[in-house]
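**Q** Quick one: the structure is below, questions incoming.
Nothing in this text is a laboratory measurement; each read-out follows from the coordinates by a stated rule. A quick note: this is a predicted structure, and the numbers were derived from the prediction, not measured. Cβ coordinates were reconstructed from backbone atoms using ideal geometry, including for glycine residues, and neighbour counts include every protein chain displayed.
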């Protein structure tokens, strides 16, 4: 079994930014996508969030794919991979332009993506809170 050492998530926000919370669902678990930056604001360049080895997120210990129990690449196909938006209120929306996820970047990496060549998806209470990714 190949242990998941790190996960990179590249998110690109479109015209509607948010201060809501965003999560990555992968391998049967959710991870909080949060950093020291003012995340998910309109017009910001794409940001990379790293979990595990080389983590650059807040709450690293609570969002580590290696702990409290290790995750393995063999289990990736057992669960959907998705981005979930938790809006601040019922009128909060987030324009997700694109998302790319790489598990164990480098040789043997596993990649997922959504919206990269097709545009954007408005997430919110009245338009849906999830964006499911597909494996490349």
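**Q** Filter the range 99-123 for residues that are assigned to a loop (DSSP other than H, G, I, E, B) and either touching a strand residue (DSSP E or B) at 6+ places or on another chain (Cβ under 6 Å) or surrounded by 13 or more Cβ atoms within 10 Å (Cβ to Cβ) (or both) and give the result.
**A** 104, 105, 109, 115, 116, 120
**Q** Something else: Report, by residue number, each residue of the range 34-54 that is surrounded by 14 or more Cβ atoms within 10 Å (Cβ to Cβ) and in contact (Cβ under 8 Å) with a residue 40 or more places away in the chain.
**A** The answer is 40, 49, 50, 51, 52, 53.
**Q** So for the range 38-51 (the condition being under 16 Å from residue 129 (Cβ atoms) and within 13 Å of the chain's Cα centre (by Cα)), does at least one residue qualify?
**A** yes
**Q** Restrict the check to the range 72-79 and report whether at least one residue is surrounded by 12 or more Cβ atoms within 10 Å (Cβ to Cβ) and over 16 Å from residue 103 (Cβ atoms).
**A** Among the residues of the range 72-79, not one is surrounded by 12 or more Cβ atoms within 10 Å (Cβ to Cβ) and over 16 Å from residue 103 (Cβ atoms), which makes the answer no.
**Q** Turning to a different aspect of this structure: When you check residue 4 against the structure, is it more than 18 Å from residue 92 (Cα to Cα), surrounded by 15 or more Cβ atoms within 10 Å (Cβ to Cβ) and in contact (Cβ under 8 Å) with a residue 40 or more places away in the chain, yes or no? Break it down into steps so the answer makes sense when it comes.
**A** On the way: more than 18 Å from residue 92 (Cα to Cα): yes; surrounded by 15 or more Cβ atoms within 10 Å (Cβ to Cβ): yes; in contact (Cβ under 8 Å) with a residue 40 or more places away in the chain: yes.
Yes; evaluated as a whole, the condition is true for this residue.
**Q** Please give the number of the condition residue 61 fails out of (1) out of contact with any strand residue (DSSP E or B) (no Cβ under 6 Å at 6 or more places or on another chain); (2) touching a residue at least 12 places away in the same chain (Cβ under 8 Å).
**A** (2)
**Q** Can you name every residue in the range 13-31 that is under 15 Å from the mean Cα position of the chain (by Cα) and surrounded by fewer than 17 Cβ atoms within 10 Å (Cβ to Cβ)?
**A** 21, 28, 29, 30
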